[in-house]
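Encoded as structure tokens, the structure appears first; notes follow it.
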Amino acid sequence: MSSRKKPSRIEPFRHKVETDPRFFEKAWRKLDDAIREIYNHNASGLSFEELYRTAYNLVLHKHGPKLYDKLTENMEDHLQEMRVSIEAAQGGLFLVELQRKWDDHNKALQMIRDILMYMDRVFIPTNKKTPVFDLGLDLWRDTIVRSPKIHGRLLDTLLDLIHRERTGEVINRSLMRSTTKMLMDLGSSVYQDDFERPFLEVSASFYSGESQKFIECCSCGEYLKKAQQRLDEEAERVSQYMDAKTDDKITAVVVKEMLANHMQRLILMENSGLVNMLVEDKYEDLTMMYSLFQRVPDGHSTIKSVMNSHVKETGKDMVMDPERLKDPVDFVQRLLNEKDKYDSIVTTSFSNDKSFQNALNSSFEHFINLNNRCPEFISLYVDDKLRKGMKEANEEDVETVLDKVMMLFRYLQEKDLFEKYYKQHLAKRLLSGKAASDDSERSMLVKLKTECGYQFTSKLEGMFNDLKTSHDTTQRFYAGTPDLGDAPTISVQILTTGSWPTQPCNTCNLPPEILGVSEMFRGFYLGTHNGRRLTWQTNMGTADIKAVFGNGSKHELNVSTYQMCVLMLFNSADCLSYRDIEQTTAIPSTDLKRCLQSLALVKGKNVLRKEPMSRDISDDDNFYVNDKFTSKLFKVKIGTVATQKESEPEKMETRQRVEEDRKPQIEAAIVRIMKSRRVLDHNSIVTEVTKQLQPRFMPNPVVIKKRVESLIEREFLERDKTDRKLYRYLA
């Protein structure tokens, strides 16, 4: 018989622990007395360790809910007493009393929180109650701040103090700071709902009225200064006694009421708005306008729009004014001055804003291309500067002027027309020896090459190469031809036909002395260069001749080839009629008349005299050597009477030549595009061709269409059989 062992069991503790039924009341009375002493500023005699243990035991013995409720009632009672005291405070003492009581309540809360720390850590999180300190803040908010008699009074007092400060009074900022900090400590929603939102509404009303008053009596510049001052004041006010987040909000209110609502009126204000600031170079006001309207939506775009309109309008007046067109150099100088002025404004006042610079460039490009003579005038300006203007200038000045000219050049849509004129003017400078500096000339070429590529300047560079080659050829001619005797010395410049802007001209009859040596040079040159042909350009050369007049005066005259041919005739005749001169020299009539005008009618250089005396040359005029000619200079330079600008027929001829030169370029672009795309519609061809040729000139859609038709005729392209607007490339 087996015996089994019974399992052991632990019996529960049967002794019942008896607690004092009045334990909570006694403990709470002790805590209640302590809290009263704390609020009465008598906390120095309290034992916080004993009070903490008392609160600890209450929570431990499950009296946490009753303790929490009693604490709430206790603090409400104390706050009611404080509320009465605050409500009784009069005038300026109201905020002082409120702040004093707030400080008392804050200190009391910190001590109470320390006593009830165990409840804060154990009971409150478990039961999802508000922590002791936060509970005290909520009770202050509901009992004090939002009490019927304090709530409105507090807000009115704060807003009144701010209004007084805005009107120039000095207020107690320290008190304001502590009051608004109290609202912030109570929670962001309290600060925003009980102060910030009404503050912003009142501010909007204040600045709306003030802006209306200012705009009626102030100029735009003065108004902007007042607006800037108000913005600065509000920023400082926020930094002194408000939440930092209020800064953006109050700034937005001031900007809306003082700037955004009056933007158009301010910018367009007569006699003081943006246009007046631009005209009068008011950099400080422009800087302020740019800075302030940066805060306004579409502020900068509005300024740009008004500036663009003004620049286009003044630019149009400038380029279309007939009086200003009389002097091309002054015309371009005015453009450069205008560009300098606005560049300075953009850099100084508009913080070198790229969008403003782009807008300015767009405006200049618009009005410069309104006058189709701008390419010619810009070339004439460069010609004037590289001829004589830079003789005393250093290289930096030269570069500065050329860089400025290149800015205008970039705006030109007809860059090929500029190239045509520039080539003519460069040729005249080089052939007449009037180029002030070879380095300056080459610097300009480098700039054009950088801007437009090698093709743009290849012929211009060829002109420089021709001059160097010509110098070497002339030296070889004299070295290889020693038996020239008393023949005149010649310096021949051999120009490659494709590189120089020479036009076919009839060679005039050269004097026998010149003809002999020129024929010898022809023989020498053609003997060393097979397959080439020389044509004398007598309309382009110059000559130095020695003259002895009837009064015994001797001079060396620097004249053109045509003038030389005329003057040499008087070695064998005392009097010659216009018809005699024309028949003997075979100089074209227009050139001959200009030549005779410069020899007979220019004061101080009239080496010939004309009968009858008149300003114009007629077919019946007779010419004599002026025996009474005198000059202080031994070397006398006699220029040819000529207009600086092209005449209308010359202008039309140049334009026609440019149009002809454009045709093969347009055709080449069309072929390039069609070769890569194979099939393309008409509008796409026009768009692509314009895009490709825009750096040189703006092709006319009508001309593009004609070039397409020409290519179809020559079987480079064909029309699609179903869609007539579609083109196909033929390999």
Being modelled with pLDDT under 95, surrounded by 19 or more Cβ atoms within 10 Å (Cβ to Cβ) and over 19 Å from Met184 (Cβ atoms) is the requirement here; does Met119 meet it?
yes
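Name the residue that is farthest from Val275 (Cα to Cα), counting only residues in segment 329-342 that are charged (D, E, K, R) and open to solvent by 30 Å² or more (accessible area, probe 1.4 Å).
Here the residue is Asp330.
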Criterion: assigned to a loop (DSSP other than H, G, I, E, B), in the same structural domain as Leu601 (by the TED database) and open to solvent by 30 Å² or more (accessible area, probe 1.4 Å) - qualifying residue of Gly552, Gly531, Gly498:
Gly552
Here are the criteria: (1) in a helix (DSSP H, G or I); (2) in contact with a Gly (Cβ under 9 Å, 6 or more places away or on another chain). Tell me which single one Lys404 does not satisfy.
(2)
Checked Leu60, Leu46, Leu31 against criteria (under 24 Å from Asp138 (Cβ atoms) and over 60 Å from the mean Cα position of the chain (by Cα)); the one match is Leu31
Scanning segment 84-103 for residues that are without any contact (Cβ under 8 Å) to a residue 12 or more places away in the chain and under 29 Å from Asp33 (Cβ atoms), the one most open to solvent (accessible area, probe 1.4 Å) turns out to be Arg100
For segment 334-385, give me each residue that is within 10 Å of the chain's Cα centre (by Cα) and part of a loop (DSSP other than H, G, I, E, B).
Phe350, Ser351, Asn352, Asp353
Cβ-Cβ under 7 Å, sequence separation 6+ or interchain: first residue in segment 127-142 and without any contact (Cβ under 8 Å) to a residue 40 or more places away in the chain, partner aliphatic (A, V, I, L, M). Which pairs?
Pro131/Ile124; Phe133/Leu109
Among the residues listed as Leu633, Leu601, Leu608, Leu596, the single one being loosely packed, with under 12 Cβ neighbours inside 10 Å and among the hydrophobic types (A, V, I, L, M, F, W, C)
Leu633
Does segment 463-480 contain any residue that is small (Gly, Ala, Ser), touching a helix residue (DSSP H, G or I) at 6+ places or on another chain (Cβ under 9 Å) and open to solvent by 40 Å² or more (accessible area, probe 1.4 Å)?
yes
Name the residues in segment 422-436 that are open to solvent by 10 Å² or more (accessible area, probe 1.4 Å) and in a helix (DSSP H, G or I), would you?
Lys423, Gln424, His425, Lys428, Leu430, Leu431, Ser432
Out of Asn127, Asn106, which single residue is in the same structural domain as Leu71 (by the TED database) and loosely packed, with under 14 Cβ neighbours inside 10 Å?
Asn127
Might you check whether a residue that is polar (S, T, N, Q), closer than 30 Å to Arg153 by Cβ and modelled with pLDDT of 90 or more occurs anywhere in segment 49-56?
no
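Yes or no: Lys282 farther than 17 Å from Phe364 by Cα, among the basic types (Lys, Arg) and touching a residue at least 60 places away in the same chain (Cβ under 8 Å)? Walk me through how you get there before you give the answer.
Details: farther than 17 Å from Phe364 by Cα: yes; among the basic types (Lys, Arg): yes; touching a residue at least 60 places away in the same chain (Cβ under 8 Å): yes.
Criteria met by Lys282.
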The condition from (1) in contact with a Cys (Cβ under 9 Å, 6 or more places away or on another chain); (2) not in a helix (DSSP H, G or I) that Lys225 misses is numbered (2)
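Which one of these is open to solvent by 40 Å² or more (accessible area, probe 1.4 Å), over 30 Å from Val548 (Cβ atoms) and either assigned to a helix (DSSP H, G or I) or at pLDDT 85 or above (or both): Glu667, Glu650?
Result: Glu650 is the single residue among Glu667, Glu650 that is open to solvent by 40 Å² or more (accessible area, probe 1.4 Å), over 30 Å from Val548 (Cβ atoms) and either assigned to a helix (DSSP H, G or I) or at pLDDT 85 or above (or both).
Matching residues to (1) among the hydrophobic types (A, V, I, L, M, F, W, C); (2) closer than 30 Å to Lys428 by Cβ:
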| site | (1), (2) |
| --- | --- |
| Pro322 | no, yes |
| Pro328 | no, yes |
| Leu335 | yes, yes |
| Asp340 | no, yes |
| Ser351 | no, no |
| Glu365 | no, yes |
| Leu370 | yes, yes |
| Cys374 | yes, yes |
| Asp384 | no, yes |
Within segment 690-714, restricting to residues that are in contact (Cβ under 8 Å) with a residue 40 or more places away in the chain and in a loop (DSSP other than H, G, I, E, B), the one that is surrounded by the most Cβ atoms within 10 Å (Cβ to Cβ) is Phe697
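Residues in segment 155-170: is at least one on the phi > 0 side of the Ramachandran plot and either of a type outside the set (Asp, Glu) or part of a loop (DSSP other than H, G, I, E, B) (or both)?
For segment 155-170, residues on the phi > 0 side of the Ramachandran plot and either of a type outside the set (Asp, Glu) or part of a loop (DSSP other than H, G, I, E, B) (or both): present.
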Would you confirm, using the coordinates I've provided, whether Leu154 is aliphatic (A, V, I, L, M), out of contact with any helix residue (DSSP H, G or I) (no Cβ under 6 Å at 6 or more places or on another chain) and not assigned by the TED database to the domain that holds Ser44?
yes
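A quick yes/no check of all residues on (1) surrounded by fewer than 17 Cβ atoms within 10 Å (Cβ to Cβ); (2) at pLDDT 95 or above; (3) touching a helix residue (DSSP H, G or I) at 6+ places or on another chain (Cβ under 9 Å); (4) aromatic (Phe, Trp, Tyr):
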site	(1), (2), (3), (4)
Gln264	yes, no, yes, no
Met269	no, no, yes, no
Lys282	no, no, yes, no
Gly299	no, no, yes, no
Lys316	yes, no, yes, no
Pro322	yes, no, no, no
From (1) modelled with pLDDT of 85 or more; (2) open to solvent by 50 Å² or more (accessible area, probe 1.4 Å); (3) of a type outside the set (Asp, Glu); (4) over 60 Å from the mean Cα position of the chain (by Cα), pick out the condition that doesn't hold for Leu569.
(2)
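Quick grid of which residues meet (1) touching a His at 6+ places or on another chain (Cβ under 6 Å); (2) surrounded by fewer than 16 Cβ atoms within 10 Å (Cβ to Cβ); (3) at pLDDT 95 or above; (4) charged (D, E, K, R):
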{"site": "Ser174", "(1), (2), (3), (4)": "no, yes, no, no"}
{"site": "Asp185", "(1), (2), (3), (4)": "no, yes, no, yes"}
{"site": "Ser188", "(1), (2), (3), (4)": "no, yes, no, no"}
{"site": "Asp194", "(1), (2), (3), (4)": "no, no, no, yes"}
{"site": "Ile215", "(1), (2), (3), (4)": "yes, no, no, no"}
{"site": "Tyr241", "(1), (2), (3), (4)": "no, no, no, no"}
All but one of (1) assigned to a loop (DSSP other than H, G, I, E, B); (2) free of Cβ contacts under 8 Å to residues at least 40 places away in the same chain; (3) of a type outside the set (D, E, K, R) hold for Ile587; which doesn't?
(2)
Asp439: passes all of (1) under 29 Å from the mean Cα position of the chain (by Cα); (2) exposed (fewer than 15 other Cβ atoms within 10 Å of the Cβ); (3) in contact (Cβ under 8 Å) with a residue 24 or more places away in the chain but (1)
For Tyr562, all conditions in the list (1) surrounded by fewer than 18 Cβ atoms within 10 Å (Cβ to Cβ); (2) touching a Ser or Thr at 6+ places or on another chain (Cβ under 9 Å); (3) farther than 16 Å from Tyr624 by Cα hold save one; what is the number of the exception?
(1)
Contacts under 6 angstrom Cβ, first residue in segment 238-256 being of a type outside the set (Asp, Glu), partner open to solvent by 20 Å² or more (accessible area, probe 1.4 Å) and in a loop (DSSP other than H, G, I, E, B), 6 or more apart
Val255/Arg295
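The values are calculated or read from the model by the stated rules, or taken from the named source; none is laboratory data. All values reported here derive from a predicted model rather than from experimental measurement. Every residue, glycine as well, gets a Cβ built from its backbone with ideal geometry; the counts of neighbours run over all protein chains shown. All accessible areas refer to the heavy atoms of the entire protein, side chains included, with ligands and DNA or RNA removed. Shrake-Rupley method; radii C 1.70, N 1.55, O 1.52, S 1.80 Å.
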